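To start, the structure itself, in structure tokens.
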Amino acid sequence: MKNKIILILTLILSVHLGTLAHAQTTTPNLAEDEIENFKEKIASKVAELTKQEQKAVTGFVVNTGSNQLSIKTDEQQELQVKIDDILTKIYQIVNNQKKEIKLSQIEKNDYLIIDGPSSDKSITANYIFVDEKYALNVGRITEIDTENFSLNIATSDKENIDLDIETDTKRLMLDIKTLELGSIGFSKIKEGDIIHFVVKKTQGDKEKTRFSAVKILIIPQEYFIK
């Protein structure tokens, strides 16, 4: 729809400029800045339309098809994603780098960031980014499983979850004397410590209570004792 409006405005501009050019040949006193003024009005209108219709949405893929996807947004709304073979660009985000991929490489439960004109039930994609969804939370460590390298955490949202500390989990602890952050081993973590943690989220994680930690920050309980 936006492209049609822009095309119409461009045609109007062409006709109007032709009229003005003809008028200038017959009326030497016509101000030249009238053409520039009209150009500015057209550009302003196009920018206004673009601003009104452009939107970015995020969500998990629930269906794939020919030139179209369905996603469930973070607000639990289902949207149809319309894709143009020529205009839509699709990228995979890996290690903060993007590489272009094909529509056929998008799978169910992939997490997408989509940019383009939208309505209540659909979005026409200009760009699609396939990425990971991360969640940040905080809580108190209530139990430590030293055999399985996992923590039981009572979160600030009054949830109880198990957090697996993997070999590639980035582990940091606040030094309560210097207030600097340093890397730690699992043995340094104690019950009662406050933990800030980052985990990856996938479709269907709403009822999940066990996660693998991407990154943790431990605030020793002694920090809060005066």
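The values are calculated or read from the model by the stated rules, or taken from the named source; none is laboratory data. These numbers were taken from a predicted model, which means no experiment stands behind them. Neighbour counts run over all protein chains shown; Cβ positions are idealised from the backbone, glycine included.
Taken over region 98-116, the criterion of being surrounded by fewer than 15 Cβ atoms within 10 Å (Cβ to Cβ) and among the hydrophobic types (A, V, I, L, M, F, W, C) is satisfied by 101 alone. Evaluation of residue 64 against the conditions (1) at pLDDT 90 or above; (2) within 22 Å of residue 203 (Cα to Cα) shows that the sole unmet condition is (1). In the set (1) modelled with pLDDT of 90 or more; (2) assigned to a loop (DSSP other than H, G, I, E, B), the condition left unmet by residue 222 is number (2). One residue is enough: does region 146-167 have a residue meeting the conditions within 24 Å of the chain's Cα centre (by Cα) and surrounded by 14 or more Cβ atoms within 10 Å (Cβ to Cβ)? No, the conditions are met nowhere in region 146-167. The single condition among (1) among the charged types (D, E, K, R); (2) within 18 Å of residue 126 (Cα to Cα); (3) modelled with pLDDT of 85 or more that residue 107 does not satisfy is (2). Within region 83-97, the set of residues being surrounded by 16 or more Cβ atoms within 10 Å (Cβ to Cβ) and either hydrophobic (A, V, I, L, M, F, W, C) or at pLDDT below 90 (or both) comprises 83, 90. Remark: residue 221 matches the filter, which requires a residue to be surrounded by 14 or more Cβ atoms within 10 Å (Cβ to Cβ), touching an Asp or Glu at 6+ places or on another chain (Cβ under 7 Å) and of a type outside the set (A, V, I, L, M). Inside region 87-146, residues that are free of Cβ contacts under 8 Å to residues at least 40 places away in the same chain and closer than 30 Å to residue 158 by Cβ make up a count of 2. Restricting attention to region 66-82, the residues that are under 16 Å from the mean Cα position of the chain (by Cα), among the charged types (D, E, K, R) and exposed (fewer than 15 other Cβ atoms within 10 Å of the Cβ) total 2.
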